[in-house]
Amino acid sequence: MKTSCWLMLNLAVCTMATTIAAQSAGPDLVHEPYHLRQGLVSRSISFENPTGAPGQGGQAASNLGPGRKGAPAKELAPGETVQLADIQGPGTIRHIWVTTSADPVILRGLVLRAWWDNQAHPSIECPLGDFMGLAHGKVAAHQSAVHSLGPSAGMNIWLPMPFTRRARFTLANESGKKLPLFYQIDYTLKDRHPKDVGRLHVLFRRENPTTLKQDFELLPRRAGKGRFIGSVIGIRALGEHWWGEGEVKVYLDGDREWPTICGTGSEDYVGLSWGIQQVAYLYNGCSLNQNGFVTMYRWHLPDPIYWQKECRVTIQQIGWNQGLFERQDDWSCATFWYEPVPSAPLPPLPDAAARTAHLWTDNPRTGN
């Protein structure tokens, strides 16, 4: 009898623990769309409803009258910063769509910043194009688990971005050009997040050129716990011969000289082989391989990389010409990861001149 009672008690405890864990993880909105009692509230922000408030959308007037497409977009002047959202939580950003001119200088010159839960410094600071899945300012239509990018610069990101108290987004026009801006941020409210839920962090780095024999950092050292999601990596080869023999190295939880995770080559890291091919898959691929410009990506979603104390991710610049040799090229990255807040500031963002030099050109002979 005692044994039966203990079994029943253990079963009840396990069931309760499973239920609590499932609630903490949140609803599976994609694979279980039929659950209607999640307690979530759906909201959306655009220029047609800049606060996302219920019943407040589409009131602006056009020549057709009130509510007839009166405020679909805004024109940004050079140097102007626009606030895209200021949301009181708890909640989760579910999707962001943006479009503007497909000009490479504009896509690399616009800077998206996001602050979570009243932290003083941004957790996201990245050129708009790179944040949305394209390097070099070049629109190359493709779809992955994180992004979908249309041929006319219809840009989407699908990574969930949880927050507990507040989410604020701005977009700064550092391109030096006047531009049109359309956007929409879709989110839910009343999400149940633990205090230490991972907030999305995104940084942009560029070295033009890289330093000889010094590995390019995809993720400079981060302390505390977190999860590495992946990178959109841009390469502009500055010399002849194959550039991609460099290995990715992931230094975890006390690693110093030698990493815990070590790859076998640059194209190998993004799941390709024997050189780079322009193919886009769900978690890996290359969306651009033209005129000496390469954009490739890798998303560690089904194969997670967690850290408990610290993490640093690098990639070597090694080429091949009848043997391995050290080389220097133009590398950039938009790197995505989750960690709690408060979190350390991001490394400094390169200025507009450094970001926009030598971008995509349809004529590689003339340069940019």
Checklist outcome for this item: Here the qualifying pairs (Cβ atoms under 6 Å; residues six or more apart or on different chains; first in the range 105-121 and without any contact (Cβ under 8 Å) to a residue 60 or more places away in the chain; second of a type in the set (Ser, Thr, Tyr) and surrounded by fewer than 24 Cβ atoms within 10 Å (Cβ to Cβ)) come out as Arg113/Thr170
Checklist entry - Name the residues in the range 246-275 that are within 19 Å of Asp215 (Cβ to Cβ) and buried (at least 19 other Cβ atoms within 10 Å of the Cβ), would you? => result Gly246, Val248, Lys249, Val250, Tyr251, Gly265, Ser266, Glu267, Tyr269, Val270
Checklist entry - When you look at Ser152, is it part of a strand (DSSP E or B) and hydroxyl-bearing (Ser, Thr, Tyr), yes or no? => result no
Checklist entry - Got at least one residue in the range 317-336 being assigned to a strand (DSSP E or B), surrounded by fewer than 22 Cβ atoms within 10 Å (Cβ to Cβ) and aromatic (Phe, Trp, Tyr)? => result yes
Item to check | Hits in the range 183-209 (condition: farther than 23 Å from Arg221 by Cα, buried (at least 20 other Cβ atoms within 10 Å of the Cβ) and either in contact with a Lys or Arg (Cβ under 6 Å, 6 or more places away or on another chain) or of a type outside the set (Asp, Glu) (or both)) | outcome: Tyr183, Ile185, Tyr187, Thr188
Checklist entry - Just checking, which of Pro78, Pro104 is out of contact with any strand residue (DSSP E or B) (no Cβ under 9 Å at 6 or more places or on another chain) and either closer than 14 Å to Leu181 by Cβ or surrounded by 19 or more Cβ atoms within 10 Å (Cβ to Cβ) (or both)? => result Pro104
Next on the checklist: Residue under question is Val139, and the condition is that it be touching a residue at least 40 places away in the same chain (Cβ under 8 Å) and of a type in the set (Val, Ile, Thr); does it hold?
Outcome noted: no
Checklist entry - Take the residues of the range 239-275 that are among the hydrophobic types (A, V, I, L, M, F, W, C) and free of Cβ contacts under 8 Å to residues at least 40 places away in the same chain: which is farthest from Asn289 (Cα to Cα)? => result Trp258
Checklist entry - Condition test on Gln38, is it more than 30 Å from Arg192 (Cα to Cα) and out of contact with any Phe, Trp or Tyr (no Cβ under 9 Å at 6 or more places or on another chain)? => result no
Next on the checklist: Suppose we filter Leu171, Leu200, Leu181, Leu159 for residues that are within 19 Å of Thr335 (Cβ to Cβ), in a strand (DSSP E or B), out of contact with any helix residue (DSSP H, G or I) (no Cβ under 6 Å at 6 or more places or on another chain) and not basic (Lys, Arg); which single one remains?
Outcome noted: Leu200
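So, Gly52, is that one in a loop (DSSP other than H, G, I, E, B) and either modelled with pLDDT under 95 or within 29 Å of Ala145 (Cβ to Cβ) (or both) or not?
Answer is yes for this residue.
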Next on the checklist: Here is a check on your reading of the model: is Trp331 more than 23 Å from Ile157 (Cβ to Cβ) and among the aromatic types (Phe, Trp, Tyr)?
Outcome noted: no
Checklist entry - Among the listed residues Leu349, Leu282, which satisfies the condition of being surrounded by fewer than 14 Cβ atoms within 10 Å (Cβ to Cβ) and among the hydrophobic types (A, V, I, L, M, F, W, C)? => result Leu282
Checklist entry - Is at least one residue of the range 73-89 of a type outside the set (Ser, Thr, Tyr), at positive phi and free of Cβ contacts under 8 Å to residues at least 60 places away in the same chain? => result no
Checklist entry - Checking Arg236 against (1) within 23 Å of the chain's Cα centre (by Cα); (2) free of Cβ contacts under 8 Å to residues at least 60 places away in the same chain; (3) surrounded by 16 or more Cβ atoms within 10 Å (Cβ to Cβ), which single condition isn't satisfied? => result (2)
Item to check | Close pairs (6 angstrom Cβ cut-off, 6 or more residues apart or separate chains): over 23 Å from Trp274 (Cβ atoms) in the range 308-322, at pLDDT 95 or above and of a type in the set (Ser, Thr, Tyr) anywhere | outcome: Arg312/Tyr251
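The values are calculated or read from the model by the stated rules, or taken from the named source; none is laboratory data. Bear in mind the structure is a predicted one, so any value in this text is a computation, not a measurement. Positions of Cβ are backbone-derived with ideal geometry, glycine not excepted, and every protein chain shown enters the neighbour counts.
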